[in-house]
Amino acid sequence: MNYQNILFEIKNHTGIVTINRPDKLNALNGQTVLELEDIFSVIKNNSEVFVVVITGSGEKAFVAGADISELNKLDVISAKEFSEKGNKVFKAIETLEKPVIAAVNGFALGGGCELALACHIRIASENAKFGQPEVNLGIIPGYGGTQRLSRLINSSRALEMILTGDLVTAEEALRIGLVNKVFSSAELLTKTFELADKISAKGQQAIRFALKSVRATDNFSLTEGLAYEASLFSLVCGTEDFKEGTAAFLEKRKPNFKHR
Ligand code: COA
């Protein structure tokens, strides 16, 4: 696929996806959602990519929401398709068996906040602002905001954001657990890549199983989840990386993981 609205490159096992519509504050139009769907299926099948970083072009916005000029044309039928399509793409991000880190470099509003929520880790710049301002447009979040925000942070705080449409600063987002870390704009990408490199240096079978096991909390009771964790723990102990990681510790050296 020829991408019009996203950029993609791979550096040191990190796949970097940049939403690239800075003149529209990287708003997600239908084409951009299709391109995201495509790039995440490429990433899924690219064994060179261990970790994904997703960010926005320019200094002002990560993603300022779904494209309101397209939203404005929706009717009851097309709105359902719009929401289901976004949910499918964001679910593919959330269930990707490679860590996805959102480097939130400015406004993350509506679909932009929901995109960040679908990622596994969120790192923000000091000027980032988060919000679900859909009520200002007479709608509700349609790409998972009502579901993921209230699972990630205190549900009453999530409701306050969704019912008022008020924006939350990066500092407040850190305090309420909406983001993992905050850095200056100048440092954001460097620090995010450092985190990606740290994860890439581990045995990738372990990373994959850790993601799968934590994700299982969405569907499993604690008892089921513990059984699932035990089966993945058992499988990971069959890998070469397990032998290498434990041997390296005992031999007081750094492990040389082969990701097998
Ligand atoms: N959809 C479509 N276009 C958008 C957009 C969106 N979600 N967000 C911003 N843009 C466009 C603006 O229309 C403007 O385009 P133009 O230059 O062709 O007029 C351009 O991006 C710059 O935005 P502007 O509003 O001029 O910047 P600002 O600094 O004054 O305000 C925001 C920034 C983020 C506060 C403001 O753009 C905004 O409120 N955007 C909508 C946020 C929203 O409601 N998102 C949820 C959608 S479900």
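What follows is calculated from the coordinates using simple rules that are stated; it is not laboratory data. Everything numeric in this text was worked out from a predicted model, so none of it was measured. Ideal geometry is used to build each Cβ from the backbone, glycine not excepted, and the neighbour counts take in all protein chains shown.
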Can you compute the modelled spin-label distance between residue 212 and residue 166, with each label point 7 Å from Cα toward Cβ, in nm? 4.3 nm
If every Lys and Arg gets +1 and every Asp and Glu gets -1 at its Cβ, then about the Cα centre the chain yields a dipole, in debye to the nearest 20, of 720 debye
Using 7 Å Cα-to-Cβ label points, what is the residue 185/residue 150 separation (nm, one decimal)? 3.5 nm
Computed E for residue 38/residue 69 - FRET, C-beta separation, R0 25 angstrom, nearest 0.05: 0.65
Tell me, what is the FRET efficiency for residue 249 and residue 194 to the nearest 0.05, using R0 = 30 angstrom and their Cβ-Cβ distance as r? 0.85
Cross-link table 212/254; 60/181; 60/129, entries beyond 21 Å C-alpha to C-alpha: 212/254
Report the GluC sites (Glu not before Pro) located in region 152-260 that are in a DSSP loop and have at most 15 other Cβ atoms inside 10 Å of their Cβ, or state none. 251
Once the Cβ-Cβ distance between residue 175 and residue 237 is put in as r, and R0 is 25 Å, what FRET efficiency do you end up with, to the nearest 0.05? 0.05
Candidate cut points under trypsin sites (Lys or Arg not before Pro) in region 1-95, DSSP loop plus at most 13 other Cβ atoms within 10 Å of their own Cβ, are 73
To the nearest 20 Debye, how big is the dipole of region 121-260 about its Cα centre, given +1 on the beta carbon of each Lys and Arg and -1 on that of each Asp and Glu? 520 debye
Value at 222 nm in deg cm²/dmol, rounded to 500, when DSSP H runs of n ≥ 4 in the chain each add -39,500 (n - 2.57): -14500 deg cm²/dmol
